[in-house]
1. To make sure I understand, if each residue's beta carbon is the centre and we count other beta carbons within 10 Å, what order do TYR125, TYR27, TYR6 fall in, fewest to most?
2. When LYS135, LYS4 are ordered from fewest to most other Cβ atoms inside 10 Å of their Cβ, what list results?
3. Under the definition of Cα pairs under 8 Å and six or more residues apart, what whole-number percent is the relative contact order of the range 1-72?
4. With a cut-off of 17 Å, note down the residues of the range 66-84 whose backbone N falls inside the zone around a label point 7 Å from the Cα of GLU35 toward its beta carbon.
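What follows is calculated from the coordinates using simple rules that are stated; it is not laboratory data. Everything numeric in this text was worked out from a predicted model, so none of it was measured. Heads up, the Cβs are rebuilt from the backbone with ideal geometry, glycines too, and the neighbour counts pull from every protein chain shown.
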Amino acid sequence: MTDKPYDEPVARLLTLGECHRARWPDYRALGLGPEHIPELIRMVADPDLNHAGREGAAVWAPAHAWRALGQLCAVDAVEPLLELLDELVMDDWALEEIPEVMGLIGPAAIPTLRAFLAQPERREYARIGAADALKEIGSRHRGARDECVAALAERLAVREEGARGLNGFLVSNLLDLDGREALPALEAAFEAGCVDESVAGGWRDVRRHFGLALSPEDRPGRPASGRDLEPPGSRRPDPSRAKAKRKKKLAKASQQKNRKKR
């Protein structure tokens with residue numbers, strides 16, 4: 001534990017124990033308010049908690065803290081949470097929940113997320129989290145939807161070398177936001193062959209999603225395959241499970257790449 005102890009009510013998060021995926025407590029009911037945001041940010045970034053063993057209630061405290069920050073709409077937490085995501089490469093909880101927290105914080109997080117997404121030196125895993133966060137904000141706050149679509153399409157249009165996985169998730173998030181206005185960027189990215197199609201499918205899948213006419217020529221870059229010619233409504237793997245599996249694979253690759261840099 002850090003040398004500086006946590007005061008109540010923040011200290012109570014050290015004792016709550018394991019988080020439940022679907023049910024988040026109302027942390028404000030514990031007495032947490034805007035005045036506790038600095039202490040909650042300190043808890044989120046506490047290395048002793050984040051790198052503790054798997055036993056004990058305290059190991060769950062950072063997750064409780066970031067959930068509380070989301071419920072408090074703590075804009076000051078956006079940058080520290082992204083830094084944490086860049087550090088905790090293989091933390092499934094961080095990967096799944098920090099984008100949700102950003103969704104709760106809302107449109108005020110968009111500029112920081114947009115800037116983070118544009119930093120190629122960041123781990124691909126963390127940038128995917130930033131892209132997911134933009135999707136969460138656009139889904140939860142309809143007035144911010146256009147800005148989120150624009151930020152995702154802007155990054156996809158760069159067609160960054162070596163970012164096929166990231167681009168696959170950009171495509172997925174644009175589909176989730178029904179970003180029809182991003183079709184030019186989507187088509188150009190598939191034409192350039194810079195999208196990992198294991199995440200959200202190929203160009204024909206995109207056209208099918210938007211209800212556009214399909215033909216063997218609809219997929220830029222290569223001839224249509226048998227998978228491309230599947231009729232609408234055919235049985236296909238659950239895309240959410242495929243995306244979760246791909247995220248884990250990219251997180252592991254990101255961790256290995258970072259070790260090589262050291």
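1. Working: TYR125 28, TYR27 24, TYR6 21.
Going from sparsest to densest Cβ surroundings: TYR6, TYR27, TYR125.
2. Working: LYS135 25, LYS4 9.
In increasing order of surrounding Cβ atoms, one gets LYS4, LYS135.
3. Numbers: 81 pairs, mean separation 31.9, N = 72.
Relative contact order, the range 1-72: 44 percent.
4. Residues 72 qualify, since their backbone N sits under 17 Å from the label point.
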